[in-house]
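Reading through the structure tokens given below for one structure.
The values are calculated or read from the model by the stated rules, or taken from the named source; none is laboratory data. All values reported here derive from a predicted model rather than from experimental measurement. We place every Cβ from the backbone using ideal geometry, glycine too, and count neighbours over all the protein chains shown.
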Amino acid sequence: MECLRRIEERGATEVSRKVRGQAGEIWRYAIATGRAERDIAADLRGALKPHIGKNYSHITDPKQLGQLLREVEGYCGSPMVKTALRLLPLVFTRPGEFRAAKWVDIDLDAKEWRYVAAKTGTNHIVPLSDQAVQYLRDIHPLTGNGEYVFGVRGGIRPLSDGTINAALKTLGYTSDVIQPHGFRHTAATMLAEMGWNTEAIDRQLAHKEQGVKGVYQKAQYLDERKKMMQAWADYIDGLKSGASVIPFKAA
């Protein structure tokens, strides 16, 4: 309990609950191997502070998003990181999946990125807009000989999880304004406001469907998602240029 309370004091209530669960696994192993008689971690159930989830910081104001996109264009750091900053808002995948993108999974001619979503364990397709394809073609001479699109140390490792966050901070966008994961919330909110099918948006976000629906809808909405991703990229370009953009769903 003392150990878990110290974690709670940092505000990491979710971590403290995970640690209790891991401690339980250790004690259950101890029981199975004759080293303990009971799981003492089980006695702490209900004693920990409840974890209250919250959304990642994100932007839904078009003017603010446009300003961020323009400042990305002025980013003076690594060309690879600049490409990551340009591309992430267009594909809005989970940051870990984005950083670990592999060239072998990307078909620039078909304009598709296919991989297994880490959180759901399901095959996922990201239709690539013309703009996304161009960014990938631009970076290919830099990292194309390695495994990862955003590879370091000769392409044998992906970018660290803090690199994009740090780049945003150099542009003046701290984690209380926008986080890499927040681009998913930004896209989902604004695409819904533009009138796109919420089911297509969910499929693009690789949210896991439960039950029969999840079994039979794995590849649905792909045609609509292709149109949606191109419309989103065009909308992003409009915001970046500072134009007065009226969002609408493409026919």
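Which residue out of THR33, THR13 is farther than 30 Å from ILE201 by Cα, surrounded by 11 or more Cβ atoms within 10 Å (Cβ to Cβ) and modelled with pLDDT under 95?
After ruling out the rest, the residue left standing is THR13.
Looking at segment 72-82, is at least one residue free of Cβ contacts under 8 Å to residues at least 40 places away in the same chain, surrounded by fewer than 15 Cβ atoms within 10 Å (Cβ to Cβ) and under 19 Å from GLY162 (Cα atoms)?
Yes: segment 72-82 contains one or more residues that are free of Cβ contacts under 8 Å to residues at least 40 places away in the same chain, surrounded by fewer than 15 Cβ atoms within 10 Å (Cβ to Cβ) and under 19 Å from GLY162 (Cα atoms).
Listed residues THR122, THR143; which is modelled with pLDDT under 95, within 20 Å of ARG225 (Cα to Cα) and not acidic (Asp, Glu)?
Residue meeting the stated conditions: THR122.
What number of residues in segment 150-206 are crowded, with 17+ Cβ neighbours inside 10 Å and under 18 Å from the mean Cα position of the chain (by Cα)?
Of the residues in that region, 29 qualify.
Going by the structure shown, is THR170 farther than 28 Å from ARG225 by Cβ and touching a residue at least 24 places away in the same chain (Cβ under 8 Å)?
yes
Only residues that are part of a helix (DSSP H, G or I) and of a type in the set (Ser, Thr, Tyr): list them for segment 16-51, please.
Hits for segment 16-51 are SER16, TYR29.
Conditions first: (1) assigned to a loop (DSSP other than H, G, I, E, B); (2) touching a residue at least 40 places away in the same chain (Cβ under 8 Å). ALA118 passes all but one, so which condition is the exception?
(2)
Restricted to segment 123-142, and to residues that are buried (at least 16 other Cβ atoms within 10 Å of the Cβ) and in contact with a Ser or Thr (Cβ under 9 Å, 6 or more places away or on another chain), which residue is farthest from ALA206 (Cα to Cα)?
Only one residue fits best here, namely LEU142.
Within segment 39-53, identify whether any single residue is surrounded by 15 or more Cβ atoms within 10 Å (Cβ to Cβ), in contact (Cβ under 8 Å) with a residue 40 or more places away in the chain and under 21 Å from the mean Cα position of the chain (by Cα), and answer yes or no.
no
For segment 54-105, give me the residue count where each residue is assigned to a loop (DSSP other than H, G, I, E, B) and over 22 Å from MET190 (Cβ atoms).
7
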